[in-house]
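Note sheet for the following structure.
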Amino acid sequence: MKSDILVSASLLGCDLSNLGKEVNRAQDSGVDWLHFDVMDGTFVPNISFGQPVLEAVKKHAKVPIDTHLMIKDPIRYVEEFAKAGSKVITFHIEATREPLMVIDRIRSCGAMPGISVKPGTPVGMIKDLVPYVDLVLIMTVEPGFGGQGFIHETLKKVSMVRALTDKLDKKVHIEVDGGINDKTAAECRKAGADVLVSGTYLFGSGDMARSVGLIKGL
Ligand code: DX5
Ligand code: ZN
């Protein structure tokens, strides 16, 4: 069934020893995007994977790859992640002093720019940048680890960003990431999010197609 809600499957939550199979299981289950979490051990206290793994994902990908850069000074790696196959590249406002330059670089590499805020970062920090991006990612857990509990206070920020994007004459996606399951997805949709990232819940599901439908509210 068609829906305006997009589901982005966070590969951090998949069985990494079967990466290709997991990418295909997610795609066959109807996910819209593949979410690729890049962590540098500095911006967040964890290290995940980088460009060579993204290239491996790209070999199997039939849907857009949504790259979430949790790295300090993201401008250094924009080009490489765009070349490796990212359709969306999201960076953190807390990780750079030159957000407009990062946005320009992402666009000039042919990808869609996204900007993200951690749970404790106010929407005011990105308010003026919203018209320049294609996606705003509101983190609903502290970035760095999969499998954490959803932080309900972040929903207020989703509504605030939705009020901002509704005033624009272009489409800006509102993405949420962390602790998304069938129940928290409903709260996020109600607050105005339209791209829902899910790792642990989706990949842990015995019937992923059904879980995708539940996240979309179908
Ligand atoms: C956390 C990552 C998320 C994470 C979501 O830093 O950005 O994408 O994989 O995983 P779950 O759905 O397990 O919270
Ligand atoms: Zn993520």
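The values are calculated or read from the model by the stated rules, or taken from the named source; none is laboratory data. Bear in mind the structure is a predicted one, so any value in this text is a computation, not a measurement. In this analysis, Cβ positions are derived from the backbone assuming ideal geometry, glycine residues included, and neighbour counts consider all displayed protein chains.
Summary of computed values
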read-out: Every pair of residues 6+ apart whose Cβ atoms lie under 8 Å, when the first sits in the stretch 190-218 and is closer than 16 Å to GLY179 by Cα while the second is of a type in the set (Asp, Glu) and assigned to a helix (DSSP H, G or I); value: TYR201/ASP182; PHE203/GLU22; SER211/ASP182; LEU214/ASP182; ILE215/ASP182
read-out: Count of the stretch 10-29 residues which are within 14 Å of ligand 2 (Cβ to nearest atom) and either in a loop (DSSP other than H, G, I, E, B) or in contact with a His (Cβ under 6 Å, 6 or more places away or on another chain) (or both); value: 2
read-out: All helices (runs of 4 or more DSSP H) inside the stretch 126-218 with 1 or more residues being at pLDDT 95 or above and within 16 Å of ALA9 (Cα to Cα); value: 182-191, 200-203, 208-216
read-out: Residue check for PHE49: within 15 Å of ligand 2 (Cβ to nearest atom), free of Cβ contacts under 8 Å to residues at least 40 places away in the same chain and not aliphatic (A, V, I, L, M); value: yes
read-out: Check on VAL88, buried (at least 24 other Cβ atoms within 10 Å of the Cβ) and at pLDDT 95 or above; value: yes
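Residues checked against (1) away from ligand 2 (no atom under 16 Å from the Cβ); (2) closer than 29 Å to PHE49 by Cα; (3) touching a His at 6+ places or on another chain (Cβ under 7 Å); (4) among the charged types (D, E, K, R):
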position: VAL141; (1), (2), (3), (4): no, yes, no, no
position: HIS152; (1), (2), (3), (4): yes, yes, no, no
position: VAL158; (1), (2), (3), (4): no, yes, no, no
position: GLY178; (1), (2), (3), (4): no, yes, no, no
position: LYS190; (1), (2), (3), (4): yes, no, no, yes
position: PHE203; (1), (2), (3), (4): no, yes, no, no
position: MET208; (1), (2), (3), (4): yes, yes, no, no
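So that you can scan it fast, the table gives a plain yes or no per residue for (1) touching a Phe, Trp or Tyr at 6+ places or on another chain (Cβ under 7 Å); (2) surrounded by 16 or more Cβ atoms within 10 Å (Cβ to Cβ); (3) of a type in the set (Asp, Glu); (4) modelled with pLDDT of 95 or more:
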residue: GLY20; (1), (2), (3), (4): no, no, no, yes
residue: ARG25; (1), (2), (3), (4): no, yes, no, yes
residue: ASP32; (1), (2), (3), (4): no, yes, yes, yes
residue: HIS35; (1), (2), (3), (4): no, yes, no, yes
residue: GLY41; (1), (2), (3), (4): no, no, no, yes
residue: VAL44; (1), (2), (3), (4): no, yes, no, yes
residue: PHE49; (1), (2), (3), (4): no, yes, no, yes
residue: VAL53; (1), (2), (3), (4): no, yes, no, yes
residue: ASP66; (1), (2), (3), (4): yes, yes, yes, yes
